[in-house]
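Laboratory data are not the source of any read-out in this text; all were calculated from the coordinates shown. Since the model is a prediction, treat every value here as computed from it, not as a measurement. Here Cβ is always computed from backbone atoms with ideal geometry, including for glycine, and neighbour counts include all displayed protein chains.
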Amino acid sequence: MTKIFAPAALALLLASASATAPLAAQEESTTAAADYAPHPEAAPADVESINAIILSLYDVISGPAGEKRDWDRMRSLFIDGARLIPTARRQNGKGGHRVMSVEDYITGSGSWLEENGFFETEVSRKTDQFGNIAQVFTTYESRRTPEAEPFMRGINSFQLWHDGDRWWVVSIFWENETPENPIPDQYLD
């Protein structure tokens, strides 16, 4: 019995050590990267609750044509290393996605939002929370002006984390509605 237990105990010990090693290395590299990339301070009201951080994000990307967006405000909502991931069907019918950093999003979409006018509003929300993490499905409508009919709808999947002081956006994963993929009623109430 002892001969069987010893190898099993050793294997368990090695497995647990190797499972925590990547996390420790990740924490170290994230800290080092953060030293080189100053993070704008968030307005406390923007990050005090799940509701506040989501509405702040919709607010910062929305505005009329010709209005500069507050990109530092947007940066202040996201944890270092956060990802924004739009998904869609390609012309060949296969699914596609693009993984972007916050800076990639600002560089790729910022001038278009400012030149064309863009208002994204939340129409429904489903939230699941456990401790300091939350997953939020927020159904949105996009317009060129606040009064216009929506030209696009979809669902943003937010992953959020509370660090003990404030909420952070970890990632936003989204898909636009299409005729082949309408938004289910459960995400519209």
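FRET efficiency for Arg89 and Phe130, Cβ-Cβ distance as r, R0 = 30 Å, nearest 0.05?
Using R0 = 30 Å, I get an efficiency of 0.40.
What's the extension gain from Trp112 to Asp70 if we count 0.36 nm per residue and subtract their Cα-Cα distance?
Contour length minus Cα-Cα distance gives 13.7 nm.
Give me the distance in nm between label points sitting 7 Å out from Cα along the Cα-to-Cβ direction at Thr178 and Ala45, one decimal.
Those two pseudo-labels are separated by 4.1 nm.
Given labels modelled 7 Å from the Cα in the Cβ direction, how far is it in nm from Tyr58 to Gln186?
2.1
In what order do Lys68, Lys126 fall by count of nearby beta-carbon atoms within 10 Å, going from fewest to most?
By the 10 Å Cβ count, ascending: Lys68, Lys126.
With 16 Å as the cut-off, how large is the P(r) tail for region 45-142, expressed as percent of Cα-Cα pairs?
65
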